[in-house]
1. Applying the selection to the range 298-318, what residues are under 14 Å from V239 (Cβ atoms) and surrounded by 13 or more Cβ atoms within 10 Å (Cβ to Cβ)?
2. Determine which single condition P152 fails, assuming it passes every other condition in (1) part of a helix (DSSP H, G or I); (2) farther than 28 Å from M253 by Cα; (3) not aromatic (F, W, Y).
3. How many of the residues in the range 69-98 are under 22 Å from D40 (Cβ atoms) and not small (G, A, S)?
4. Between a first residue in the range 50-70 that is over 16 Å from I105 (Cβ atoms) and a second residue that is of a type in the set (V, I, T), which pairs have beta carbons less than 9 Å apart while being 6 or more apart in sequence or on different chains?
5. Take the range 29-41 and flag every residue that is of a type outside the set (G, A, S) and either modelled with pLDDT of 95 or more or touching a helix residue (DSSP H, G or I) at 6+ places or on another chain (Cβ under 7 Å) (or both).
6. Within the range 28-54, can you find the residues that are surrounded by 15 or more Cβ atoms within 10 Å (Cβ to Cβ) and farther than 24 Å from G277 by Cβ?
7. Kindly provide the set of residues from the range 31-49 that are among the charged types (D, E, K, R), touching a residue at least 12 places away in the same chain (Cβ under 8 Å) and assigned to a helix (DSSP H, G or I), ordered by number.
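The values are calculated or read from the model by the stated rules, or taken from the named source; none is laboratory data. All of these numbers come straight from a predicted model, not from anything done at the bench. Please note: Cβ atoms are built from the backbone with ideal geometry, for glycine as well, and neighbour counts cover all protein chains shown.
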Amino acid sequence: MALAGDMNDDSSEARVAGRGSHRRTMTLGEVKDRTLKKRDAWWTVVLVDPVATPLVRWVARHTRITPNQITWAALFLGLGSAWLYALGDRTSLLLGAGLYHLSFILDCMDGKLARLTGNGSIFGAWLDYVFDRIRVVVCALCLMVGQFRANPTEMYFWLAILVIFLDMIRYVNALQIYKMRQGMRKKLETVSGGSTAGVSGKSLLFMEDLLRDNPELDTAQPEIVQAQVLLETQDAEIVDLHQGFRKNFPWYMRARNFLKRHRIRTHLISGIEFQMGVFIVAPLVGRIGQVTVAVSVGLALFELAILYKFWLSTKDFERTMADMAQRKRRRDLEIAAGLRNPDRTEREQGRKPVRSFQAEQDVPTVSLRTIR
């Protein structure tokens with residue numbers, strides 16, 4: 001088919017609509033670079049991206065479809081799968097599972113199309129979030145209602161509540177943890193004297209930013225990364241809010257790096273895998289109750305792991321805050337005693353040069369992209 005050839009031929013060109021009226025051509029490889037996330041759920045990486053990415057390229061090349069229109073289509077397909085779930089028979093469950101997967105492919109396509117064309121919007125992001133929640137609630141209720149009609153037992157009532165509750169709590173948990181992490185960073189920047197001027201006059205950098213923007217260093221130990229930054233910038237103060245977690249789980253970075261090479265995030269049972277387990281795997285295997293309970297337990301365990309990691313991060317934050325506050329008090333006392341010029345940094349006042357870490361440890365030098 002011509003369509004299949006257009007979608008899978010990496011050497012052919014896709015005409016992609018950008019913001020405004022200008023258009024430019026892109027290969028499938030360029031489309032992947034623009035649309036694929038650095039890390040994603042394993043279900044998306046394995047079962048969605050290989051289909052959604054070439055489809056997005058074709059849609060951008062041959063149609064005027066917008067991301068919001070795809071979002072609406074994903075909702076309607078999701079509601080269609082809910083209707084099939086409510087029928088409750090074996091054939092309807094299989095069709096509903098297939099339709100739900102198509103709905104999720106479209107749900108991934110709207111964001112990819114927005115990133116590719118630059119036609120995303122804040123309202124579109126809100127629409128995507130709300131429609132996702134509507135789809136989960138309606139599908140959960142209809143799936144359990146269909147099972148109740150075939151086997152009247154209150155277990156399905158509680159399963160519907162469980163699915164809706166877990167889907168809600170995981171979003172609330174993720175948003176709140178993100179908010180708290182941003183708050184910790186702002187407090188550290190305030191205590192240090194600003195994001196570009198630390199307590200000692202050095203720029204303040206966060207280890208997580210360095211590792212994200214320098215993936216080639218992700219396999220290195222944190223102290224190697226810090227030494228490399230010192231060699232290149234000579235004025236960096238690095239804050240690591242995940243050292244407690246890495247100390248307690250030294251194997252985590254190896255597992256994370258292995259998965260990252262395949263674009264898979266370590267949260268192996270996230271909300272995506274949870275939904276796919278309940279609305280696709282369970283109907284396919286005909287074990288609604290058992291699979292729903294299994295993926296619910298898996299999601300809960302991974303959410304608890306995230307909470308534990310966040311708790312350890314708060315301990316790192318408290319220690320860092322205390323250390324910065326102590327150094328700031330000492331610096332203020334030195335300024336008051338006339339031992340330090342408040343307008344000059346440590347480097348300008350004769351800071352000792354850093355010894356070559358590479359020469360001592362034989363570590364390859366790379367060019368770091370630091371956050372300023």
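1. Of everything in the range 298-318, those that are under 14 Å from V239 (Cβ atoms) and surrounded by 13 or more Cβ atoms within 10 Å (Cβ to Cβ) turn out to be S313, T314, K315, D316, F317.
2. (1)
3. Number of matching residues: 4.
4. So the pair list comes out as R61/V16; R61/T25; T66/T117.
5. Going through the range 29-41, the residues of a type outside the set (G, A, S) turn out to be 30-40.
Of everything in the range 29-41, those that are of a type outside the set (G, A, S) and either modelled with pLDDT of 95 or more or touching a helix residue (DSSP H, G or I) at 6+ places or on another chain (Cβ under 7 Å) (or both) turn out to be V31, K32, R34, T35, L36, R39.
6. Matches in the range 28-54: L28, E30, V31, K32, R34, T35, P54.
7. Quick first cut of the range 31-49, residues among the charged types (D, E, K, R) only: 32-34, 37-40, 49.
Among the residues that remain, those that are also touching a residue at least 12 places away in the same chain (Cβ under 8 Å) are: 32, 34, 37-40, 49.
Correct list: K32, R34, D49.
Okay, residues lined up against (1) buried (at least 17 other Cβ atoms within 10 Å of the Cβ); (2) hydroxyl-bearing (S, T, Y); (3) over 18 Å from V31 (Cα atoms); (4) at pLDDT 95 or above:
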{"residue": "V59", "(1), (2), (3), (4)": "yes, no, no, no"}
{"residue": "R64", "(1), (2), (3), (4)": "no, no, no, no"}
{"residue": "A86", "(1), (2), (3), (4)": "yes, no, yes, yes"}
{"residue": "D128", "(1), (2), (3), (4)": "yes, no, yes, no"}
{"residue": "M144", "(1), (2), (3), (4)": "yes, no, yes, yes"}
{"residue": "N151", "(1), (2), (3), (4)": "no, no, yes, no"}
{"residue": "L159", "(1), (2), (3), (4)": "yes, no, yes, yes"}
